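Report on one structure; see the data block that follows.
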Amino acid sequence: MLLAKGKHGNVEGLRYLCRKGTDNEVNRIMVSVPKKLFKRAVKRNLLKRRIRESYRKQKHNLTIEGGLDVLFMYSTKEILSYEQIYAAVGQIIDKINHSGKPKKNEQEGGEN
């Protein structure tokens, strides 16, 4: 369901898919670091740990109610630092929070 009905986007180094309103009590995440980008499992696991920890430290910023599924996909061949990943996950959380809200023109009636 996440891949079929989820909203997607990307920030520097990460792509994401999210689906709101899953009616779960908890939010769920999935982290993917492709073997195509990093052959060694040690590097893939390092990046997955960094993404999970970044999400754990920032999940309190989510304002979505009713459950959320998020897939984080690593998308660059370079190993990003923890600080870069932390910033990217923060940008994703901001985008998720703002994706359900109508734009300013839509709130005012849509006239220019």
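Coordinate-derived values only; no laboratory data. Since the model is a prediction, treat every value here as computed from it, not as a measurement. Neighbour counts run over all protein chains shown; Cβ positions are idealised from the backbone, glycine included.
Structure data summary
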{"item": "Boolean, GLY6 is surrounded by fewer than 17 Cβ atoms within 10 Å (Cβ to Cβ) and on the phi > 0 side of the Ramachandran plot", "result": "no"}
{"item": "Cβ-Cβ under 8 Å pairs, at least 6 apart or on other chains, segment 41-66 side touching a residue at least 40 places away in the same chain (Cβ under 8 Å) and surrounded by 13 or more Cβ atoms within 10 Å (Cβ to Cβ), far side β-branched (Val, Ile, Thr) and assigned to a helix (DSSP H, G or I)", "result": "ILE64/ILE96"}
{"item": "Test result for TYR55, among the aromatic types (Phe, Trp, Tyr) and under 15 Å from ASN97 (Cβ atoms)", "result": "yes"}
